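The values are calculated or read from the model by the stated rules, or taken from the named source; none is laboratory data. All figures in this text were calculated on a predicted structure; none of them were measured in a lab. Positions of Cβ are generated from backbone atoms using ideal geometry, with glycine treated the same way; all protein chains shown enter the neighbour counts. All accessible areas refer to the heavy atoms of the entire protein, side chains included, with ligands and DNA or RNA removed. Shrake-Rupley method; radii C 1.70, N 1.55, O 1.52, S 1.80 Å.
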Amino acid sequence: MNKSLIVANWKLNKTLEETRRFINDFVPLIKNSRDIDIVIAPPFTSLYVACLALKYTNIMLSAQDVFYEDRGAYTGEVSAAMLVDAGCSHVIIGHSERRQYFHETDEIVNKKINASRRQNLTVIFCIGETLAEREQGRTFDVLKKQLEVGLSGIAPENIVIAYEPVWAIGTGKTATPSQAQEAHEYIREWLTSYYGDGAKEVRIIYGGSVTPENINSLMERKNVEGVLVGGASLRADSFARIVNFKGRRF
Ligand code: PGA
């Protein structure tokens, strides 16, 4: 069984001072964190400060995005090697907000995964359907295409799949535990047919309006091996309540 993974995605939030304060407040609140992997994804500007503040903890650091070239004339972009240099072990790729607002395609996502794996970053690869796609009964087709293109040529090592139904992100509408379980089962089957035995080490986590109130019922479900938390990760007390969930642990 894989260890559970809980990721805080801060999105476009927190100054340097707020980052330091969050970590100082959060670290004493978490219990038994050894049996869980905890990752925090601050904005680029806070990565190095977070890296210093997390030094004597086992909390890991992630970026929220990366560019696929290693260097060159790409104003505004940050490479995978730069993320490693700033202290990251993880990177979130293909988040639906990047697909929606920044026109990221599955092909771009695939290049970013490739570039990140070359630098040995663990990739948190986000996939998920929109409300319209779900209502048209196309959820599994959408997931299949995102997986097929996104993971083309990518080995299973250090890949995490984050299933994030777009209609559940930031809306307060969580997928029901059974909707999450059904999608996770589909993803697990797809991974097994693609990677064979190697699929076992790919963790599948859920994201979309996760809160301290619904974490137990989500984590109870088979194939839900962790969560990606946006809004509820911005306050140290609420993120700590999520990390300290009472349910099953791997
Ligand atoms: P949310 O965001 O928890 O605020 O819905 C989750 C995410 O976008 O990763």
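Laid out as a table, the results:
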quantity: Loop sites in region 158-250: trypsin sites (Lys or Arg not before Pro), DSSP, at most 16 other Cβ within 10 Å; calculated: K173, K222, R235, K246, R248, R249
quantity: Partner aspartates and glutamates for K173 [C-alpha distance under 18 Å; skip if fewer than 8 residues away on the same chain]; calculated: E97, E129, E133, E135, E164, E182, E213
quantity: Within the accessible area of region 4-243 (1.4 Å probe), percent carbon and sulfur; calculated: 50
quantity: Given charges at beta-carbon only (K, R positive; D, E negative), |dipole| of region 4-243 in Debye; calculated: 440
quantity: Flagged links, alpha-carbon separation over 19 Å, of K200/K222; K145/K200; K11/K31; K3/K31; K222/K246; K3/K246; calculated: K145/K200; K11/K31
quantity: Expected 222 nm ellipticity per residue - DSSP helices of 4 or more, -39500 (n - 2.57), all of the chain, to 500; calculated: -10500 deg cm²/dmol
quantity: Computed FRET value (nearest 0.05) for K31 with E220, which takes r as the C-beta separation and R₀ as 22 Å; calculated: 0.70
quantity: Computed label-point distance, nm, for sites N58 and E18 using a 7 Å Cα→Cβ extension; calculated: 3.0
quantity: Loop chymotrypsin sites (Phe, Trp or Tyr not before Pro), region 16-70 (other Cβ atoms within 10 Å of the site Cβ: 11 or fewer; DSSP); calculated: Y56
quantity: Calculated from backbone phi, Karplus (6.51, -1.76, 1.60) coupling profile of region 182-199 in Hz, x at Gly/Pro; calculated: 5, 5, 5, 5, 4, 4, 4, 5, 4, 4, 5, 6, 7, 10, x, 4, x, 5
quantity: Amide hydrogen neighbours beyond the local backbone of T122, cut-off 5 Å, H modeled; calculated: H90, V91
quantity: Of I205, I161, I59, the one that fluctuates the most in a GNM where the chain has Cα springs shorter than 10 Å; calculated: I59
quantity: Over the chain, volume per residue of the alpha carbon convex hull, in Å³; calculated: 116
quantity: Accessible area per residue in Å² at 1.4 Å probe, computed on the chain; calculated: 46
quantity: Nonlocal amide H pairs with S4, under 5 Å, H built at 1.01 Å; calculated: D37, F250
quantity: Heavy-atom accessible area order for D65, D35, largest first, 1.4 Å probe; calculated: D35, D65
quantity: Coil-residue GluC sites (Glu not before Pro) of region 169-250, DSSP, other Cβ within 10 Å capped at 16; calculated: E213, E220
quantity: Pairwise FRET efficiency - K111 versus L131, Cβ, R0 = 30 Å, nearest 0.05; calculated: 0.60
quantity: Pairwise centroid distance, computed over Cα atoms, of region 1-76 with region 152-206, Å; calculated: 22
